[in-house]
Amino acid sequence: MCGIIGYIGSDNATPYIIEGLKRLEYRGYDSAGVAVCDGENFTVVKQKGRIANLEEELKNHPVNGTVGIGHTRWATHGEPSDLNSHPHLGKQSKIAVVHNGIIENYKELRAKLSRRGIECVTETDSEVVAQLMEYYYKGDLIEAVIKTVNQLEGSYALGIMCKDEPDKIIAVKKENPLIIGGFDGSGFIASDVPAVLKHTRTIYHLNDKEIATVTRHGVSFQNINREVVSKWPETIEWSFDSAEKGGYEHFMLKEIHEQPKVVKETIGSLMNGMNKDVLDKLCEKTASFNKIIITACGTACYSGSVVKYIFEKICRMPVEVVLASEFRYSDPIVDEKTLVILISQSGETADTIAAMREAKARGAVTFSIVNAVGSTIAKETHYNIYTAAGPEIAVASTKAFSTQLISLYIFCIRFAKSLGKINDSEEQDYYSEISAIPDKITSIIENSDVIKQYAAKCFNSKSIFFIGRNIDYAISMEGSLKLKELAYIHSEAYAGGELKHGTIALIEENTTVVAIGCCKRLFSKTWSNVEQVITRGAKVLYIQCEGGEATESEHVSVANVPDINELFSPSLSVIQLQLFAYYIAANKGCDIDKPRNLAKSVTVE
Ligand code: G6P
């Protein structure tokens with residue numbers, strides 16, 4: 001939700017800001033803006049719509065200065081418009097601010113400002129930050145920042161410039177991500193690593209209410225009491241290429257193709273190195289748990305829905321999967337015997353962070369599976385492992401999901417082993433199934449014609465239903481979500497056996513139904529559901545493991561995935577489902593990497 005960037009150096013700031021914003025566009029794309037300081041004054045340019053619009057405007061009206069901040073917006077308070085775009089200025093245009101988050105008490109603060117003769121000119125919650133800071137500014141920017149943030153309720157990541165102190169950018173955050181990078185005469189602030197990866201791999205992660213002062217000569221940190229904070233940078237291993245399209249038409253297609261590689265790397269990272277050490281330590285405690293809760297949002301939550309089946313089957317321990325947005329307000333039954341697993345690509349999703357804090361407050365042991373190194377969830381959970389997906393740019397998650405699944409499989413096997421539920425030979429059998437997954441994914445991607453052609457036939461469908469049983473049902477929910485996100489087609493995922501209890505009423509002539517049938521033992525049951533929808537006129541795409549019993553007919557097209565133990569089959573069927581959603585969206589001409597109304601990193605509740 002909103003991306004922020006800042007640059008200070010000896011070059012013109014604008015190209016760095018635009019380039020950074022393009023890499024942050026996945027965080028929101030309702031409007032964008034920059035403020036650049038030429039040493040004396042700010043020039044602010046803001047445009048509704050995509051960053052390309054802002055870029056165009058800046059081509060026509062170039063802006064120069066060696067320090068600047070920029071913002072790409074996902075609108076919450078105030079419609080997307082030029083006026084409501086960031087950066088926001090104080091009344092006398094002395095201070096410029098970009099903000100990611102929500103200022104919950106903005107109405108109160110507006111009223112307070114109004115009583116002092118300062119009227120906000122935009123509809124946003126963010127403007128109060130710039131106005132308040134300028135009101136408090138008496139020649140000491142840090143002092144004004146501290147006085148302001150002490151009054152803010154809600155969440156924020158802020159980039160701040162002051163024209164009376166033009167040789168610095170100030171960064172401060174609470175509950176929203178902010179990194180500081182660089183230094184060889186230039187420094188950056190940004191919401192996320194890909195925004196600065198081209199220029200630096202040396203990154204500092206800011207903690208809540210720490211204030212960074214970024215100058216051309218380096219960065220210093222202090223807390224809200226103005227005490228110096230010592231910090232050491234991290235070196236980011238991600239390559240710059242991994243944040244580029246690399247010849248693919250969309251990031252999503254590139255990221256689908258990257259899955260064999262990143263899944264393999266994730267397997268490797270769990271068998272050796274830091275991730276393995278974390279699992280070793282956590283598995284020493286398995287006997288102390290009597291329940292597992294998996295909580296996450298969106299696609300990440302569906303990885304939990306899949307793995308619930310595997311955990312309960314192999315470990316014989318109850319697993320609940322709870323949407324993070326529901327967990328917090330559900331008075332969850334959680335204590336020190338509960339292992340709460342948090343799954344998040346970004347590690348910054350507000351609902352998942354809230355669930356994590358709630359679980360900790362109730363005494364649970366927390367374990368996170370996160371992709372973004374140094375993110376809030378990774379840092380605050382008791383145990384954390386990283387997926388090796390690399391930067392995922394497309395808003396719809398693909399490779400992060402696949403690496404989450406793999407991590408959960410391996411954790412589950414380790415857990416079962418330490419509980420004594422499986423023996424050495426069973427453990428090895430599971431590992432050999434898992435280690436074959438990357439090559440099997442490759443073979444699906446290389447043979448995607450069936451899906452591509454099917455998508456070309458049904459992309460005009462008004463509604464598409466996904467059905468499956470057991471673990472096939474779990475993965476069908478992810479297939480349905482991908483389709484909704486990318487192609488704006490109404491879709492529902494249903495447990496095959498439940499269809500007849502209501503949803504079958506919606507099946508009519510030519511309705512498209514995607515049936516997932518990788519659980520061979522349930523073939524006859526799933527197939528009877530397929531027969532029920534065919535009888536009512538549906539056209540079915542049946543995804544099964546090679547050697548499955550479904551056959552092509554006038555009403556049924558079959559897409560195979562390589563044979564695999566059914567427990568791990570979602571890692572293969574999901575590739576077909578991703579490709580299906582991708583090609584439907586491509587046929588419809590949708591904006592695949594940036595679907596409407598969505599943002600990749602949802603840092604508001
Ligand atoms: C957003 C994204 C989804 C993602 C979800 C959870 O809704 O659009 O693709 O699955 O957030 O994000 P996380 O970073 O926590 O995995």
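Restricting attention to the stretch 105-150 and to residues that are part of a helix (DSSP H, G or I) and among the acidic types (Asp, Glu), the residue that is most open to solvent (accessible area, probe 1.4 Å) turns out to be Glu108. Given the options Ile102, Ile160, name the one that is open to solvent by 20 Å² or more (accessible area, probe 1.4 Å), assigned by TED's automatic domain parsing to the domain that holds Thr213 and among the aliphatic types (A, V, I, L, M). None of the other options fit; the residue is Ile102. Among the residues of the stretch 1-39, those that are open to solvent by 10 Å² or more (accessible area, probe 1.4 Å), under 25 Å from the mean Cα position of the chain (by Cα) and not hydrophobic (A, V, I, L, M, F, W, C) comprise Tyr16, Glu19, Lys22, Arg23, Glu25, Tyr26, Tyr29, Asp30. The residue that is surrounded by the most Cβ atoms within 10 Å (Cβ to Cβ), among those in the stretch 288-321 that are among the polar types (S, T, N, Q), within 16 Å of the ligand (Cβ to nearest atom) and assigned to a helix (DSSP H, G or I), is Ser303.
All of (1) within 15 Å of the ligand (Cβ to nearest atom); (2) at pLDDT 95 or above; (3) closer than 22 Å to Lys379 by Cα hold for Thr349 with one exception: (2). Taken as a whole, the structure places Leu598 among residues that are within 16 Å of the ligand (Cβ to nearest atom), aliphatic (A, V, I, L, M) and surrounded by fewer than 20 Cβ atoms within 10 Å (Cβ to Cβ). The single condition among (1) open to solvent by 50 Å² or more (accessible area, probe 1.4 Å); (2) touching a residue at least 60 places away in the same chain (Cβ under 8 Å) that Pro562 does not satisfy is (1).
Checked against the criterion of being of a type in the set (A, V, I, L, M), at pLDDT below 95, out of contact with any strand residue (DSSP E or B) (no Cβ under 7 Å at 6 or more places or on another chain) and surrounded by 19 or more Cβ atoms within 10 Å (Cβ to Cβ), the candidates Leu197, Leu206 yield just one match: Leu197.
Answer yes or no as to whether Ile18 is touching a helix residue (DSSP H, G or I) at 6+ places or on another chain (Cβ under 7 Å), at pLDDT 90 or above, of a type in the set (A, V, I, L, M, F, W, C) and over 18 Å from Pro80 (Cβ atoms). Spelling it out, Ile18 is indeed touching a helix residue (DSSP H, G or I) at 6+ places or on another chain (Cβ under 7 Å), at pLDDT 90 or above, of a type in the set (A, V, I, L, M, F, W, C) and over 18 Å from Pro80 (Cβ atoms).
Going through Glu284, Glu249, Glu227, Glu255 one at a time, which residue ends up being buried (at least 16 other Cβ atoms within 10 Å of the Cβ) and acidic (Asp, Glu)? Before you say what the answer is, go through the steps one by one.
Details: Glu284 fails: buried (at least 16 other Cβ atoms within 10 Å of the Cβ); Glu249 fails: buried (at least 16 other Cβ atoms within 10 Å of the Cβ); Glu227 fails: buried (at least 16 other Cβ atoms within 10 Å of the Cβ).
Answer to the selection: Glu255.
The set of residues in the stretch 361-387 that are away from the ligand (no atom under 15 Å from the Cβ), in contact (Cβ under 8 Å) with a residue 60 or more places away in the chain, part of a loop (DSSP other than H, G, I, E, B) and open to solvent by 30 Å² or more (accessible area, probe 1.4 Å) is empty. Of the numbered criteria (1) outside any strand (DSSP E or B); (2) over 30 Å from Lys245 (Cα atoms), the one Ala212 fails is (1). Looking at the stretch 327-344, can you tell me whether even one residue there is away from the ligand (no atom under 15 Å from the Cβ), in a loop (DSSP other than H, G, I, E, B) and open to solvent by less than 50 Å² (accessible area, probe 1.4 Å)? Scanning the stretch 327-344 turns up at least one residue that is away from the ligand (no atom under 15 Å from the Cβ), in a loop (DSSP other than H, G, I, E, B) and open to solvent by less than 50 Å² (accessible area, probe 1.4 Å). Of all residues in the stretch 441-462, those that are in a helix (DSSP H, G or I) and touching a Ser or Thr at 6+ places or on another chain (Cβ under 8 Å) total 4. Residues in the stretch 35-53 that are part of a strand (DSSP E or B) and out of contact with any Pro (no Cβ under 7 Å at 6 or more places or on another chain): Val36, Phe42, Thr43, Val45, Lys46, Gln47.
In the set (1) open to solvent by 50 Å² or more (accessible area, probe 1.4 Å); (2) within 15 Å of Val450 (Cα to Cα), Ser557 fails one condition alone, (1).
Any residue at all in the stretch 482-499 that's under 19 Å from Ala559 (Cα atoms), outside any strand (DSSP E or B), open to solvent by less than 50 Å² (accessible area, probe 1.4 Å) and modelled with pLDDT of 95 or more?
At the first step, the residues of the stretch 482-499 found to be under 19 Å from Ala559 (Cα atoms) are 482-483, 493, 496.
Applying the additional criterion that residues be outside any strand (DSSP E or B) yields 482-483, 496.
Still in the list and also open to solvent by less than 50 Å² (accessible area, probe 1.4 Å): 482-483, 496.
Restricting the remaining residues to those that are modelled with pLDDT of 95 or more gives 482-483.
Checked against the condition, which is being under 19 Å from Ala559 (Cα atoms), outside any strand (DSSP E or B), open to solvent by less than 50 Å² (accessible area, probe 1.4 Å) and modelled with pLDDT of 95 or more, the stretch 482-499 yields at least one hit.
Screening the stretch 502-605 for strands (runs of 3 or more DSSP E) wholly inside it with 1 or more residues that are among the basic types (Lys, Arg) returns the ranges 539-545.
You will find that of Ser397, Ser407, the residue that is within 16 Å of the ligand (Cβ to nearest atom) and open to solvent by 10 Å² or more (accessible area, probe 1.4 Å) is Ser397 and no other.
In the stretch 209-221, which residue that is open to solvent by 30 Å² or more (accessible area, probe 1.4 Å) and within 25 Å of Lys147 (Cβ to Cβ) is nearest to the chain's Cα centre (by Cα)? Result: Lys209.
The values are calculated or read from the model by the stated rules, or taken from the named source; none is laboratory data. Everything quoted here is computed from the prediction, not taken from an experiment. Note: ideal-geometry Cβ built from the backbone for every residue, glycine included; neighbour counts use all protein chains shown. What goes into the accessible areas is simple: the full protein's heavy atoms, side chains included, and nothing from ligands, DNA or RNA. Shrake-Rupley method; radii C 1.70, N 1.55, O 1.52, S 1.80 Å.
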